[in-house]
Amino acid sequence: MITLFAGLLLFAGVLLLRNPDSIFALLRNNIENSAIQVIAVLVRVIVGAQLISQSSLSRFPITIEALGWIFIIAGIFLAVIGRKRFRQLLSWVLTNSKPLGRLAGVAAIAFGGFLVYAFL
């Protein structure tokens, strides 16, 4: 499960490097869709739980467990802020991160690569 998430991060990172507007447009066009928030929450909580439960199998167990807790806390935060504030947050992020899209791609590739290295 963690390596699947890492692979998806690597793929998203490459997309962001090549054409950041593709992912931003997808999110912008679906900002009113409540599924975006549900997916954001579920992915964070599920990945966080997996990181915590599998941390002992990694090369960096303490770091991986800490990252798992950060993911879970982020998921809970996104769940409790409500739909309206989530849309405002997403809108703000999409507006202010446009110049940093490619940098986000590099970060996604680095984090995905770290997870692959930590678990393989």
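The values are calculated or read from the model by the stated rules, or taken from the named source; none is laboratory data. Note that the coordinates shown come from a computational prediction; the quantities given were computed from them, not determined experimentally. Glycine also receives a Cβ, built like all others from the backbone with ideal geometry; neighbour counts cover every protein chain displayed.
Among the residues of region 27-38, is there at least one that is of a type outside the set (Gly, Ala, Ser), within 22 Å of residue 109 (Cβ to Cβ) and surrounded by 13 or more Cβ atoms within 10 Å (Cβ to Cβ)? First the steps, then the outcome.
Taking region 27-38 and keeping what is of a type outside the set (Gly, Ala, Ser), we get 27-33, 36-38.
Imposing the further condition that a residue be within 22 Å of residue 109 (Cβ to Cβ) reduces the set to 27.
Checking the rest, the ones that are also surrounded by 13 or more Cβ atoms within 10 Å (Cβ to Cβ) come to 27.
Yes; the residues of region 27-38 include at least one that is of a type outside the set (Gly, Ala, Ser), within 22 Å of residue 109 (Cβ to Cβ) and surrounded by 13 or more Cβ atoms within 10 Å (Cβ to Cβ).
Taking the criterion of being acidic (Asp, Glu) and in a helix (DSSP H, G or I), would at least one residue in region 8-26 satisfy it?
Applying the first criterion (acidic (Asp, Glu)) to region 8-26 yields 21.
Going one step further and asking which of them are in a helix (DSSP H, G or I), we end up with 21.
Scanning region 8-26, I find at least one residue that is acidic (Asp, Glu) and in a helix (DSSP H, G or I), so the answer is yes.
Hey, can you tell me all the residues within region 69-89 that are of a type in the set (Gly, Ala, Ser) and at pLDDT 95 or above?
Going through region 69-89, the residues of a type in the set (Gly, Ala, Ser) turn out to be 74-75, 79, 82.
Those that are of a type in the set (Gly, Ala, Ser) and at pLDDT 95 or above: 74, 75, 79.
With respect to residue 92, is the statement that it is modelled with pLDDT of 95 or more and part of a helix (DSSP H, G or I) true? Talk me through it step by step, then tell me what you get.
Working: modelled with pLDDT of 95 or more: no; part of a helix (DSSP H, G or I): yes.
Considered against the rule, which asks whether it is modelled with pLDDT of 95 or more and part of a helix (DSSP H, G or I), residue 92 comes out as no.
Please work out which residue is farthest from the chain's Cα centre (by Cα), limiting yourself to region 32-72 and to residues that are in a loop (DSSP other than H, G, I, E, B) and closer than 22 Å to residue 11 by Cβ.
Taking region 32-72 and keeping what is in a loop (DSSP other than H, G, I, E, B), we get 32-33, 58-60.
Checking the rest, the ones that are also closer than 22 Å to residue 11 by Cβ come to 33, 58.
Numbers: 33: 18, 58: 20 Å.
The qualifying residue farthest from the chain's Cα centre (by Cα) is 58.
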